[in-house]
Amino acid sequence: MTPAHSRPRCDQTAAWAALQQHFDTEGRRFDLRAAFAADAQRFAAFSQSAPHVFADLSKNLIDATAQTLLFDLAQQCGLAQHRDAMFAGDKINHTEQRAVMHFLLRKPAAVNESSADAATKTLANELREVHTTLDAMLAYAEQVRADASITDVVNIGIGGSDLGPQMAVLALDGFADSGKRFHFVSNVDGHELAAVLKRVHVNSTLFLIASKTFTTIETMTNARSAKQWFQEQGGTHVAKHFAALTTNVAAAREFGIDTTFGFWDWVGGRYSMWSAIGLPVAMAIGAQGFRDFLAGAHAMDEHFRTAPLEGNLPVRLGLLDLWYRNFHGFTSRSIAPYHSALRRVPAYLQQLEMESNGKRVDGTGQTLPFGTSPVLWGEPGTNGQHAYFQMLHQGTDVVPVEFIAVTRARHSLAGHHSQLLANVLAQAQALMLGKNDAGGHRHFPGNRPSSFLLLDDLTPASLGALIALQEHRVFVSGALWGINSFDQWGVELGKVLAKDIEPRLHSGDAAGLDASTAGLLQRLRSA
Ligand code: F6P
């Protein structure tokens, strides 16, 4: 077992000091154009293949020395040991005393115990439970897919119980053959649920109540309102029209739902799309499609678990993230998926990275003297180009961009895909090359970094691999920063305060409130 605090933190290593020195002497003056001119092999040296994903990292502000020092840093921080501890099922989420085993959700059932690796043998019982639940969930998905009387599936959940399934259902629309419409209700703002309820019919709707804890206030409020609407509309068959996806099966039963699919406390909410929380995805693309999705993620797990650090894509990305955040001082990363079906990927990645690594203390609770999670943001290309790319090209801040492109299109509309691909290549090129113009306004400084992730095709397997890649790169930077990437205490305070404020909105009691909150409360009440 390697608790976070038993490994050296990145800033306590010799490699960190060497990186700082390298950055001060050369790194801060690094120029991409000069680097390409000096090294004909730069593209090959700074690209990396991984299952389903090819990554061109050559347009990043990094040279061979920085890369070598970053690998040294990973070694000196015990990254491989920490990774192995996760895969062995150790309780690396030490503030909640939990293992972190979302990788187990995509691991195939062990065919032959004698040929299984050590981790599979240790976790054999958990893996059996995973597959029993997966088989049951996929059988249910197929049953609903075959039931023509159900035309609409409404997923009620928030955070990890919404972003993952919503992102994946949209991304895999090309594989959705159930003929059903999928709706996602997450916000406690009743406008969202009301708008969906207007479009569905009581006898043809299935509500999936997705909540790891089954206590999240937004989800419970929406679930209660959906159930009330169902009963007011004359619905009686709750078992057919409601199912719950949760680790808290007892609470779901108490709520009146008997069809439940469980998962385990060792699956973090933002890592839960591979569990029962993925049921809408399975309903959209079918059991085999969901198994392919898991298989793609598993292939990336194996790459992360076994590839040497120097040829390990999640490791290379995570190290680059740290290099940018802690040495170049970049505070954000823009995600630019050049595929409209990937439009919710930036929102999904926001939770993955910022809820995991948006921490300011290390494993022992000590305040960190360096920055952690960057801000992630973005929109699909080419839309972003016509909105905020101006700032990426000519603004005062340097924002590393992560382009995601797909070689193959699955539509037959002439000319579109080559235009799309030309644009993604051109944007990466323009950021790097820039353009000299003495006039100032038309000058592009260039030397602006980007990574380029390329999928051959957008399929369940490649999406699974792409997302698992992102999960593991977040693991890497979090491990080096010495933080616990798997808790989320920062979301608790607001929840507690909202509980106190809500009755005050009814009563008007402002006693003990700060003057601003009290003033706003009175204003809202008098409207
Ligand atoms: O408030 C944050 C959070 O706990 C996320 O981590 C989680 O994904 C989300 O709320 C939803 O939680 P649950 O699935 O338990 O409803």
Sole exception among (1) open to solvent by less than 10 Å² (accessible area, probe 1.4 Å); (2) part of a helix (DSSP H, G or I); (3) away from the ligand (no atom under 14 Å from the Cβ) for residue 243, by number:
(2)
Any residue at all in the stretch 484-500 that is hydroxyl-bearing (Ser, Thr, Tyr) and assigned to a helix (DSSP H, G or I)?
no
Total residues in the stretch 332-355, condition surrounded by fewer than 20 Cβ atoms within 10 Å (Cβ to Cβ), not charged (D, E, K, R) and not in a helix (DSSP H, G or I)
1
Is the stretch 467-477 home to any residue that is open to solvent by 70 Å² or more (accessible area, probe 1.4 Å), assigned to a helix (DSSP H, G or I), in contact (Cβ under 8 Å) with a residue 60 or more places away in the chain and within 16 Å of the ligand (Cβ to nearest atom)?
no
With respect to residue 237, is the statement that it is more than 15 Å from the ligand (Cβ to nearest atom), surrounded by fewer than 20 Cβ atoms within 10 Å (Cβ to Cβ) and closer than 26 Å to residue 262 by Cβ true?
yes
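Could you check, for the stretch 271-279, whether at least one of its residues is under 14 Å from residue 153 (Cα atoms) and of a type in the set (Gly, Ala, Ser)?
Kept after step one, since they are under 14 Å from residue 153 (Cα atoms), are these residues of the stretch 271-279: 277-279.
Applying the additional criterion that residues be of a type in the set (Gly, Ala, Ser) yields 278.
So far as the stretch 271-279 goes, yes, one or more of its residues are under 14 Å from residue 153 (Cα atoms) and of a type in the set (Gly, Ala, Ser).
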Just checking, does the stretch 106-120 include any residue being under 25 Å from residue 282 (Cβ atoms) and touching a Ser or Thr at 6+ places or on another chain (Cβ under 6 Å)?
yes
Quick check on the stretch 106-128. Is at least one of its residues out of contact with any Cys (no Cβ under 8 Å at 6 or more places or on another chain), among the hydrophobic types (A, V, I, L, M, F, W, C), modelled with pLDDT of 95 or more and within 27 Å of residue 347 (Cβ to Cβ)?
no
Search result, residues across the stretch 480-515 that are free of Cβ contacts under 8 Å to residues at least 12 places away in the same chain, open to solvent by less than 80 Å² (accessible area, probe 1.4 Å) and either within 16 Å of the ligand (Cβ to nearest atom) or within 35 Å of the chain's Cα centre (by Cα) (or both):
492, 494, 500, 503
Name the strands (runs of 3 or more DSSP E) wholly within the stretch 143-218 that hold at least 3 residues that are closer than 26 Å to residue 340 by Cα and of a type in the set (A, V, I, L, M)?
152-156
Would a scan of the stretch 39-46 turn up a residue that is crowded, with 23+ Cβ neighbours inside 10 Å, at pLDDT 95 or above, in a loop (DSSP other than H, G, I, E, B) and of a type outside the set (Asp, Glu)?
no
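Give the residue, chosen from 268, 358, 278, that is within 16 Å of the ligand (Cβ to nearest atom), under 18 Å from the mean Cα position of the chain (by Cα) and surrounded by fewer than 20 Cβ atoms within 10 Å (Cβ to Cβ).
Details: 268 fails: surrounded by fewer than 20 Cβ atoms within 10 Å (Cβ to Cβ); 278 fails: surrounded by fewer than 20 Cβ atoms within 10 Å (Cβ to Cβ).
Among 268, 358, 278, only 358 is within 16 Å of the ligand (Cβ to nearest atom), under 18 Å from the mean Cα position of the chain (by Cα) and surrounded by fewer than 20 Cβ atoms within 10 Å (Cβ to Cβ).
To keep it simple, each residue is scored yes or no on (1) over 22 Å from residue 294 (Cβ atoms); (2) crowded, with 22+ Cβ neighbours inside 10 Å.
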position: 426; (1), (2): yes, no
position: 429; (1), (2): yes, no
position: 444; (1), (2): yes, no
position: 447; (1), (2): yes, no
position: 450; (1), (2): yes, yes
position: 463; (1), (2): no, yes
Being without any contact (Cβ under 8 Å) to a residue 40 or more places away in the chain, more than 18 Å from residue 456 (Cβ to Cβ) and part of a helix (DSSP H, G or I) is the filter here, so list the residues in the stretch 423-444 that pass it.
426, 429, 430
Which of the numbered conditions does residue 17 fail, given that it passes all the others? Conditions: (1) more than 30 Å from residue 293 (Cβ to Cβ); (2) open to solvent by less than 50 Å² (accessible area, probe 1.4 Å); (3) modelled with pLDDT of 95 or more.
(2)
The lone condition residue 22 fails out of (1) open to solvent by 40 Å² or more (accessible area, probe 1.4 Å); (2) in a helix (DSSP H, G or I); (3) farther than 30 Å from residue 292 by Cα; (4) of a type outside the set (D, E, K, R) is (1)
Note on the stretch 211-234: residues of a type in the set (D, E, K, R) and more than 9 Å from the ligand (Cβ to nearest atom) are 224, 227, 232
Filter the stretch 159-187 down to the residues that are crowded, with 18+ Cβ neighbours inside 10 Å and either among the charged types (D, E, K, R) or at positive phi (or both) and list them by number.
159, 162, 180
Taking the stretch 248-262, which residues are in contact with a helix residue (DSSP H, G or I) (Cβ under 6 Å, 6 or more places away or on another chain) and either surrounded by 24 or more Cβ atoms within 10 Å (Cβ to Cβ) or assigned to a strand (DSSP E or B) (or both)?
260, 261, 262
Do we have any residue at all in the stretch 340-350 that's in contact with a Ser or Thr (Cβ under 7 Å, 6 or more places away or on another chain) and either closer than 21 Å to residue 484 by Cβ or among the hydrophobic types (A, V, I, L, M, F, W, C) (or both)?
no
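The values are calculated or read from the model by the stated rules, or taken from the named source; none is laboratory data. Predicted model only: the values in this text are computed from it and were never measured. Reconstructed Cβ throughout: ideal geometry from the backbone, glycine too, with neighbour counts over all protein chains shown. We work out accessible area using only protein heavy atoms, side chains counted, and drop any ligands, DNA or RNA first. Shrake-Rupley method; radii C 1.70, N 1.55, O 1.52, S 1.80 Å.
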